[in-house]
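The block underneath contains the structure these notes are about, expressed in structure tokens.
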Amino acid sequence: MTAVRLRGVALGACVGAVVLAGCSSGDGSTPAAQKSTTRPPPSVATSTSTTFSPAQTAVIKAYTDFWKALAPASHAKTAAEQLTLLTPVTTDPGLSQLISGIASERDKGRAFYGVDQPHVSKVAITGGHADLVDCQDSSSAGVESMKTGKKLTVGVAAHPVRTTLLKRDGSWKVSTVSYPPAGTQC
């Protein structure tokens, strides 16, 4: 199993089936496809360049802030501290499963380290729903032992990620994150 898959498995265990609908089960199997839903056409054009509209830039900032919050939240001592860190960047159903998943990882003596660096290629916004495509650099992030600080996994420089964000109380928040099937490149 590759480092990316190991990171995906560990992150999948933490984030749960809703937030990371596509992680492998740890047995090397191909991840399940994320369910698609029917939506009206995007109100903001999908961008494949590095130039994004102000609305798309707001989605990208929220997405980036989500990844920055994961490691500190996984090291937070209480669920209340985790909620303080995650509520501004995550919404249910993913938020509840993320809190539960962090508790499960901590029970195993593991936590996240580092920050994944986004390289967003597309953002499509339809009302209060945004779909984002990223080729994330995960080479400075992974899972570590809380006891020893030893890095147990490390990601790779080109990690394809698809994310759904929802607008809640005027702010974009991550709702689901999925990883395309093994072998998918970006």
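Suppose we keep just the DSSP beta bridges with both residues in the stretch 116-161; what percent of those would be antiparallel, to 5? Walk me through the numbers on the way to the answer.
Values: 11 of 11 bridges.
Just about 100 percent of them are antiparallel.
Give me the 1.4 Å probe accessible area per residue for the stretch 67-134, excluding ligands and nucleic acids, in Å².
Working: 2850 Å² over 68 residues.
The answer is 42 Å² per residue.
Quick query: amide H of residue 168 versus all other amide H atoms, modeled in the peptide plane; which residues come in under 5 Å with a sequence gap of 5 or more or a different chain?
Result for residue 168 returns 173.
Work out from phi, with θ = phi - 60° and the Karplus expression 6.51 cos²θ - 1.76 cosθ + 1.60, the ³J(HN,Hα) of each residue of the stretch 105-110, listed in order in whole Hz, and give x for Gly and Pro.
5, 5, 4, 8, x, 10
Would you please give the residues with an amide H less than 5 Å from that of residue 122, counting only those at least 5 places away or on a separate chain, with H modeled from the backbone geometry?
133
What list of ³J(HN,Hα) values in whole Hz, one per residue of the stretch 169-186 in order, does the Karplus curve 6.51 cos²θ - 1.76 cosθ + 1.60 (θ = phi - 60°) give from phi, with Gly and Pro shown as x?
Result, rounded to whole Hz: 6, x, 10, 6, 9, 5, 10, 9, 9, 9, 10, x, x, 3, x, 5, 10, 10.
Among the aspartates and glutamates, select those whose C-alpha is under 14 Å from the C-alpha of residue 108, and discard any that sit fewer than 8 residues away in the same chain.
Output for residue 108: 144.
Quick one: which residues, 5+ away or cross-chain, put their amide H under 5 Å from the amide H of residue 92? H built at 1.01 Å from N.
none
Cα extents of the stretch 63-186 along the three principal axes, largest first, in whole Å?
Its Cα atoms span 44, 34, 20 Å along the three principal axes.
Pairs to check: 151/173; 122/167; 122/151. Give those whose C-alpha atoms are more than 27 Å from each other in this structure. Can you show the working numbers first?
Values: 151/173 29 Å; 122/167 18 Å; 122/151 31 Å.
The answer is 151/173; 122/151.
Could you give the size of the charge dipole of the stretch 65-186 about its Cα centre, using +1 on the Cβ of each K and R and -1 on the Cβ of each D and E, expressed in debye and rounded to the nearest 20?
On the way: 13 positive and 11 negative charges, 51 e Å.
For the stretch 65-186, the charge dipole is close to 240 debye.
The values are calculated or read from the model by the stated rules, or taken from the named source; none is laboratory data. Owing to the predicted nature of the structure, the values given are computational and were not obtained by experimental measurement. Quick reminder, even Gly has a Cβ in these numbers, built from the backbone with ideal geometry, and neighbours come from all protein chains shown. Side chains included, ligands, DNA and RNA excluded: accessible areas come from the protein's heavy atoms. Shrake-Rupley method; radii C 1.70, N 1.55, O 1.52, S 1.80 Å.
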